[in-house]
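The values are calculated or read from the model by the stated rules, or taken from the named source; none is laboratory data. Just so you know, these numbers come straight off a predicted model, no measurement behind them. Here the Cβ positions follow ideal geometry from the backbone for every residue, glycine too, while neighbour counts run over all protein chains shown.
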Amino acid sequence: MILRFVIVDDDRAVRRILSGIIENNNLGEVVAEAADGEEAEMAILANEPDIALVDLLIPVKDGIEVVRNLKSRNVKTNFIMISQVEDKDMITNAYESGIEFYIHKPINVVETIKVISKVQEIMKLKNAFKTIHDTVVTASSEENNHLKDTEFTSIDFFLCDLGILGEAGSEDIKIILENINNIKYDNLNDIYNFVRNYYEERDIGKSHDIKAIEMRIRRAANKALRNVASLGIENYYSEYFLRFASVIFDFSEVKKEMDYLRGKRDSGGKVNIRKFLEGGAFLCKK
């Protein structure tokens, strides 16, 4: 898929530089440009670009107002703010308005490519997250012969909402959540041992090694963290984001993961597996 861009800046030279970076590095195509806030809103509404690079301090309406107005109209465009402003409060307001990332002026080629690549990554995560969710929801609602006998539990939907239903560790997690009231545990090893014994007793063809079980669960939980963080970047007030960010994760770790995805940190957040499992059990009971 070729990404479509709109560039908004009152400086024609800046627009030319950004357009050159996008096209010379095969990042996509520039479908429109604008020099002020009103032109920006019209160009973005008319072209529905994947990404809009918007200068913070543009005439008529500033970049923050433009983004807020378009977000209120449910525009699906991903926004990258451009500015030489270093004021932390203003930058915070920009993120709160709905931008994905921030590029500093003067324009740096490496930074611009890196930021656009990060937005592409988040877009892929969003699409994958939505595809998995829509697939399960559609399947559960279809009343045809081959699905009539299929039953989706609250745990299935929980894993689906996290975007990890198809992960190798999802089966381990599901077994734990289904049986957590019957597991006597003081630590995570007790839980992993339960899963191992569960497989051995039923002769299930899956690795019974404790370390393998732990790694499968950790990989799935880490992917869930990334999916939730990307959801928070898209919509900080999303029902799913607010629920998952505090119940199954430490919110501070979700924030670190969001900053990592935005390129503001060199490392992401960490998952507390015990909280992830116990919080998941709580949510699946509701």
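Listed values, structure above:
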read-out: Helices (runs of 4 or more DSSP H) wholly inside region 239-286 that include at least 1 residues being of a type in the set (S, T, N, Q) and under 29 Å from D186 (Cα atoms); value: 239-247, 251-261
read-out: Complete set of residues in region 60-86 that are touching a Leu at 6+ places or on another chain (Cβ under 9 Å) and within 19 Å of D10 (Cβ to Cβ); value: D62, G63, I64, L70, F79, I80, M81, I82, S83, Q84, V85
read-out: Answer from E257, E201, E239, E253 - the residue that is free of Cβ contacts under 8 Å to residues at least 40 places away in the same chain, within 25 Å of the chain's Cα centre (by Cα) and loosely packed, with under 15 Cβ neighbours inside 10 Å; value: E239
read-out: Test set (1) assigned to a helix (DSSP H, G or I); (2) modelled with pLDDT of 90 or more; (3) buried (at least 22 other Cβ atoms within 10 Å of the Cβ); (4) not aromatic (F, W, Y) - S230 fails condition number; value: (2)
read-out: Search result, residues across region 21-33 that are surrounded by 13 or more Cβ atoms within 10 Å (Cβ to Cβ) and either outside any loop (DSSP other than H, G, I, E, B) or not assigned by TED's automatic domain parsing to the domain that holds V67 (or both); value: I21, I22, E23, E29, V30, V31, A32, E33
read-out: Complete set of residues in region 182-192 that are over 16 Å from G169 (Cβ atoms) and of a type outside the set (A, V, I, L, M); value: N182, K184, Y185, D186, N187, N189, D190
read-out: Residue match in region 153-162 (condition: buried (at least 20 other Cβ atoms within 10 Å of the Cβ), at pLDDT below 85 and closer than 21 Å to N272 by Cα); value: yes
